[in-house]
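Data block below; observations after.
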Amino acid sequence: MAVNRRPNPFTIKKPRSVPPAETGQEAAFLRSLGENQAVVTVRLLSGETLNGWIEYYDEKMVRLTRTDAPNLFIYKEQIAYIVEAEKSEPA
């Protein structure tokens, strides 16, 4: 005769929830850099490094404003990372 036991609640594995695809932190970070005109270093997937400040961004690209070279529109998919430079003076 089979005994019908309740499962132990401590051994039941619950499925983990999937993390959100978008947290809004990227937009907040880019907004703060643009508002402060903070000098940033942008490293591209190709290995090229660019300096300037972020004047504009949207979901697909970033505009990097530079004083010593032409301004650039860079697709986000080509960016490896963006980091604030040591000095926060306008580029």
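Taking the criterion of being aliphatic (A, V, I, L, M) and closer than 23 Å to ARG63 by Cβ, the residues of the stretch 8-40 that qualify are ALA27, ALA28, LEU30, LEU33, ALA38, VAL39, VAL40. For SER17, the criteria (1) of a type in the set (S, T, N, Q); (2) at pLDDT 95 or above; (3) farther than 16 Å from TYR81 by Cβ hold in every case but one, which is (2). For the stretch 72-91, filtered to residues that are open to solvent by 50 Å² or more (accessible area, probe 1.4 Å), part of a strand (DSSP E or B) and touching a residue at least 40 places away in the same chain (Cβ under 8 Å), the residue that is nearest to ALA21 (Cα to Cα) is VAL83. Taken over the stretch 9-42, residues that are among the small types (Gly, Ala, Ser) and part of a helix (DSSP H, G or I) amount to 4.
For beta carbons closer than 7 Å, sequence separation of 6+ or different chains, a first residue in the stretch 51-71 that is farther than 12 Å from VAL40 by Cα and in contact (Cβ under 8 Å) with a residue 12 or more places away in the chain and a second that is surrounded by 13 or more Cβ atoms within 10 Å (Cβ to Cβ) and among the polar types (S, T, N, Q), the qualifying pairs are ASN71/THR65.
In the list THR65, THR49, THR41, which residue meets the criterion of being of a type in the set (Ser, Thr, Tyr) and surrounded by 16 or more Cβ atoms within 10 Å (Cβ to Cβ)?
Exactly one of THR65, THR49, THR41 is of a type in the set (Ser, Thr, Tyr) and surrounded by 16 or more Cβ atoms within 10 Å (Cβ to Cβ), namely THR65.
The values are calculated or read from the model by the stated rules, or taken from the named source; none is laboratory data. Every value quoted in this text rests on a predicted model; they were computed, and no experiment measured them. FYI the Cβ positions are ideal-geometry reconstructions off the backbone, even for glycines, and counts take in every protein chain you see. The accessibility values were calculated without ligands, DNA or RNA, using every heavy atom of the protein model including side chains. Shrake-Rupley method; radii C 1.70, N 1.55, O 1.52, S 1.80 Å.
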